[in-house]
1. Among what's in the stretch 108-138 and is surrounded by 14 or more Cβ atoms within 10 Å (Cβ to Cβ) and of a type in the set (Val, Ile, Thr), pick the residue that is nearest to THR158 (Cα to Cα).
2. Can you name the residue in the stretch 76-107 that is of a type in the set (Ser, Thr, Tyr) and closer than 30 Å to TRP146 by Cα and is also surrounded by the most Cβ atoms within 10 Å (Cβ to Cβ) among such residues?
3. Scan the stretch 55-75 residue by residue and report those that are in a loop (DSSP other than H, G, I, E, B), without any contact (Cβ under 8 Å) to a residue 40 or more places away in the chain and surrounded by 13 or more Cβ atoms within 10 Å (Cβ to Cβ).
4. For the stretch 144-152, indicate whether the set of residues that are under 18 Å from HIS61 (Cα atoms), at pLDDT 95 or above and not small (Gly, Ala, Ser) is non-empty.
5. For the stretch 91-135, what are the residues that are part of a loop (DSSP other than H, G, I, E, B) and within 15 Å of SER63 (Cα to Cα)?
6. Just wondering, is there one or more residues in the stretch 30-40 that are at pLDDT below 95, in a loop (DSSP other than H, G, I, E, B) and closer than 25 Å to THR139 by Cα?
7. Condition test on LEU131, is it of a type in the set (A, V, I, L, M), under 22 Å from GLY165 (Cβ atoms) and more than 26 Å from the chain's Cα centre (by Cα)?
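The values are calculated or read from the model by the stated rules, or taken from the named source; none is laboratory data. Because the structure is a prediction, the values reported are computed rather than measured. Neighbour counts are summed over all protein chains in view; Cβ atoms, including those assigned to glycine, are modelled from backbone coordinates with ideal geometry.
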Amino acid sequence: MEHRTAHAWDRLRPEQQKLLTELRIVPGAADAAGQRRRTSRVYPPSPGLAHARTYALAHGHLSPSADIHHDGFPLGRWLVETRRKARQGQLAPTTHQALTTIDPWWNPPWPHTWQRTYQQTKLAHHTGRHLSPDLKRWTERQRTRWNTLHPQQQHLLTTIGTHPG
């Protein structure tokens, strides 16, 4: 039994040791090479991913407001929480990759409100609709504050015809 494992095992209460033993987790469990075994669990994919895919197919992005529900699922709140986990390094790599595949800008390094407003402006640009007064003001602010924007923000804006002012 490895000393470190034995020490940790000895600090557990008897009930905890019993529960772990029932799960076949015992101190010193090692494979043939003498390495500690790793226990891993396979969690089912979050229902949020299915809703994220469907939402992105319908809207072209994953930038909904926090109060958006998709088929009764709190997608906006789920994305806020998922972005928080990603910032803290607590998001499963498979979930991160799935969301990045759905929308590369699901978790941009700039404020999410900027990304959501960009998506609204992009939609108006691609559909030929006139920008609302709010979106016109936002676009003008981007043009006048161009040098303060992240290079990728600048690139996104140029794809919809917005350039520095």
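1. Filtering the stretch 108-138 for residues that are surrounded by 14 or more Cβ atoms within 10 Å (Cβ to Cβ) and of a type in the set (Val, Ile, Thr), the one nearest to THR158 (Cα to Cα) comes out as THR121.
2. Going through the stretch 76-107, the residues of a type in the set (Ser, Thr, Tyr) turn out to be 82, 94-95, 100-101.
Going one step further and asking which of them are closer than 30 Å to TRP146 by Cα, we end up with 82, 100-101.
Working: THR82: 23, THR100: 14, THR101: 11.
Across the stretch 76-107, the extreme among qualifying residues is THR82.
3. Restricting attention to the stretch 55-75, the residues satisfying the condition of being in a loop (DSSP other than H, G, I, E, B) are 60-69, 71-72, 74.
Next cut, without any contact (Cβ under 8 Å) to a residue 40 or more places away in the chain only: 66-69, 71-72, 74.
Once the filter is applied, which keeps residues that are in a loop (DSSP other than H, G, I, E, B), without any contact (Cβ under 8 Å) to a residue 40 or more places away in the chain and surrounded by 13 or more Cβ atoms within 10 Å (Cβ to Cβ), the stretch 55-75 yields ALA66, ILE68, HIS69, PRO74.
4. Going through the stretch 144-152, the residues under 18 Å from HIS61 (Cα atoms) turn out to be 152.
Restricting the remaining residues to those that are at pLDDT 95 or above gives 152.
Adding the requirement that they be not small (Gly, Ala, Ser) leaves 152.
Yes, there is a match, as at least one residue in the stretch 144-152 is under 18 Å from HIS61 (Cα atoms), at pLDDT 95 or above and not small (Gly, Ala, Ser).
5. As a first pass, look at the stretch 91-135 and keep what is part of a loop (DSSP other than H, G, I, E, B): 91-92, 103-111, 128-132.
The answer is ASP103, PRO104, TRP105, TRP106, ASN107, PRO108, PRO109, TRP110, PRO111.
6. At the first step, the residues of the stretch 30-40 found to be at pLDDT below 95 are 30-40.
From the residues that got through so far, the ones that are in a loop (DSSP other than H, G, I, E, B) too are 31-35, 37-40.
With the extra rule that they be closer than 25 Å to THR139 by Cα, the set shrinks to none.
No, the conditions are met nowhere in the stretch 30-40.
7. On the way: of a type in the set (A, V, I, L, M): yes; under 22 Å from GLY165 (Cβ atoms): yes; more than 26 Å from the chain's Cα centre (by Cα): yes.
Yes.
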